[in-house]
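The values are calculated or read from the model by the stated rules, or taken from the named source; none is laboratory data. No experiment lies behind these values; they were computed from the predicted model shown. Cβ placement follows ideal geometry from the backbone for every residue including glycine, while neighbour counts extend to all protein chains displayed.
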Amino acid sequence: MRVVIAEDSVLLREGLIRLLADGGIDTVAATGDGPGLVAAVREHRPDLAVVDVRMPPSHTDEGLRAALEARALMPGLPVLVLSQYVEERYATELIGRGAAAVGYLLKERVADVAEFLDAVRRVAAGGTVIDPEVVVQLLSRRRHGEPLDSLTARESEVLGLMAEGRSNNAIAGRLRITDGAVEKHISGIFGKLGLDPAPDDHRRVLAVLAYLGRV
Amino acid sequence: MTAEVVVTRQPPLRHRVPLGPRGPLGLLVDPMTWRAAPYLLISVAFGLAWFVILSVALPLSLLMIIIWVGLPLFVLTMLLWRGGAMLERRLLRLTLGVTIPDPYRPRPERGVARHLGWLFGDPATWKDLGYLLLLLPLGLVEFFVSMVLWACCVALMAQPVLVALGHTTVITDRLVVDNLIESLPWALGGVLLLAATLYIVRGMAWLHGTLAVALLGPGDEARVMHLRASRARGVDAAEAERRRIERDLHDGAQQRLLAVVLDLGRAQAKLDSHPEEARDLLAQAHAGTKAAITELRDLARGIYPAILTDRGLDAALSALAARAPVRVDVSVEIVDRPPAAVESIAYFIVAESLTNMAKHSVATEASVRVSRQDDRVVVEVRDNGIGGAEPRPGGGLAGLADRAATIDGALTVESPPGGPTLIRARLPYEW
């Protein structure tokens, strides 16, 4: 797998390159700003771009905008966005543009190497990865008398993991239950929330996030 | 995305009549007009009274200064006219709807000389005198203009009724109104004159109000003193904030990182001799580092939330509400983004209010509303808790009030025991 990295902190950039290399992933270009990312994507046409949100020159959401620009240049380019803070608003902006192959994670998730590499592979394969923090924010925005209140504790857990972009198999592994049980919970959730069952993981994430965030 | 708090209130009558708030019908049904009209008729009486009182008392006391009695008499007169001005301010608020705070300097604690200096040295005293003396000529003009206009309106509009009662109006030898058809154009003229009168009355009220604000109002001096005091408190608040950040860094992330480096050092030493223990220490250091990062992130967010710069109040307040322990509805109804300083103060007012609520109020739900009223951003935080919140010196709410004051804003707390609590800040839109 060939990856382009845009991250302005040299320490973290070098760390990421080494971390990915340990996982057998090649970094073909590493840059420290938005225009650099767009240029690198144009030149290398990578399998994945790993992008920091806050970069020079504006130090606001430079990376987010560069990532969207890179995707316009190379439609379907998988993008994993890293950020010092995660905010539900950014997540919905990213997802709201109809994005398959998008990830949005807190920077510090790189500390759990295996988990992080798994996320990288999932995004590169066209999946969606959403940071648990965002899911917590989304779930906390519920209002009284909503169908969400009627979910059982287990169903809520499953919903949260679905919103993070996990597959049935991963959810089963995480909760130590069988795949069949996961499927049962999921159909229960979709029934209670009035959502149409979605054929694949990616469309399912979109449906769940749209429901939670009302995008 | 914004949770909705829809406050539907029927707009006042003057907004619902045809031709809107500034049209003749709007003015006709606006209570402001009917409060101003009688004032314009009677202000001449006050003007006359003050003119008589002052034109007797002032020369008398000035003359008697040579035999000392004059000075106390003069001071008495001065207190009298200041009282008159205070009365006038309250009357103006009732009638013309202009709110003018009393602009006087605070009274010194003791000492005759200081009290005299306080009375004589305050420009507000002399501006009060000027206003009360101006009230007579001003009142005369207002009285005659509005008297003539109202009388003509009534007389013209009453023509059809008078004719119907068998009355004849002789305007000149040639111009006599004595039948219904002839009277109608006169009545129509009366209606047009009424419309003009409404505008003239409101115009005079506005002029009078403006003059009163200039002469009876605090002027720049009080504002400067207020700003100076609040700036000083703002600086103190900023200092306290820096000390808090230093303490948080010292007690939090720094201690955690020290523990991590200690674990790593021990792991290094045990790597060869006790690899199992070294692995546990590494895991511990890993967890410690993650905790330190989380702590630093929360601290940085508390200093300044990045999303506020990037996406403005709506996004930042929604994120804040999502982290609150109870349900918080957020409604941001402003379109243009105010300057960064205003946004930041609005954000921290909401943040601190929600923190307070979580700590003390036992509330089960809250709402945050940001709206625009003329040139002000109004931030309101309500909760359904037990109330009893009040700003204490050095406390969070007082700090917020100081922060608001540094940009010429104001914070009010309504929190009767038993609740509910409403914290409202009015901040300038332009800064």
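Scanning segment A:116-148 for residues that are among the acidic types (Asp, Glu) and at pLDDT 90 or above yields A:Asp118, A:Asp131.
Listed by first and then second residue, the pairs linking a residue in segment B:318-331 that is free of Cβ contacts under 8 Å to residues at least 24 places away in the same chain to a residue that is among the small types (Gly, Ala, Ser), with Cβ atoms under 8 Å apart and 6 or more places separating them unless they lie on different chains, are B:Ala322/A:Ser140; B:Arg323/A:Ser140.
If the condition is being modelled with pLDDT under 85 and polar (S, T, N, Q), then segment B:349-394 contributes only B:Ser361. For segment B:156-178, the candidate set comprises residues that are assigned to a loop (DSSP other than H, G, I, E, B) and surrounded by 12 or more Cβ atoms within 10 Å (Cβ to Cβ); within that set, the residue that is farthest from the chain's Cα centre (by Cα) is B:Asp178. Scanning segment B:184-191 turns up no residue that is outside any helix (DSSP H, G or I) and either out of contact with any helix residue (DSSP H, G or I) (no Cβ under 6 Å at 6 or more places or on another chain) or polar (S, T, N, Q) (or both). Does B:Ala212 satisfy being in a helix (DSSP H, G or I) and in contact (Cβ under 8 Å) with a residue 60 or more places away in the chain? It is true that B:Ala212 is in a helix (DSSP H, G or I) and in contact (Cβ under 8 Å) with a residue 60 or more places away in the chain.
Annotation note: of B:Ala341, B:Ala306, B:Ala358, the sole residue that is surrounded by fewer than 21 Cβ atoms within 10 Å (Cβ to Cβ), within 8 Å of chain A (Cβ to nearest Cβ) and out of contact with any strand residue (DSSP E or B) (no Cβ under 7 Å at 6 or more places or on another chain) is B:Ala306.
Go through (1) in contact with a strand residue (DSSP E or B) (Cβ under 9 Å, 6 or more places away or on another chain); (2) within 19 Å of B:Ser230 (Cβ to Cβ); (3) in a helix (DSSP H, G or I) for B:Asp408 and report which single condition fails. So B:Asp408 meets the others, but not (3). The residue list B:Val148, B:Val75, B:Val163, B:Val177 contains one member that is in the same structural domain as B:Ile53 (by TED's automatic domain parsing), touching an Asp or Glu at 6+ places or on another chain (Cβ under 7 Å) and of a type outside the set (D, E, K, R), which is B:Val163. Taken together, the criteria exclude B:Val56 from residues that are in contact with a helix residue (DSSP H, G or I) (Cβ under 8 Å, 6 or more places away or on another chain) and either in a helix (DSSP H, G or I) or of a type outside the set (Lys, Arg) (or both). Any residue at all in segment B:266-280 that is in contact (Cβ under 8 Å) with a residue 24 or more places away in the chain and either of a type outside the set (Asp, Glu) or more than 14 Å from chain A (Cβ to nearest Cβ) (or both)? The answer is no, given that none of the residues of segment B:266-280 is in contact (Cβ under 8 Å) with a residue 24 or more places away in the chain and either of a type outside the set (Asp, Glu) or more than 14 Å from chain A (Cβ to nearest Cβ) (or both). When the criteria are applied in full, B:Leu92 meets the requirement of being of a type outside the set (Val, Ile, Thr), within 24 Å of B:Ile200 (Cβ to Cβ) and in contact (Cβ under 8 Å) with a residue 12 or more places away in the chain.
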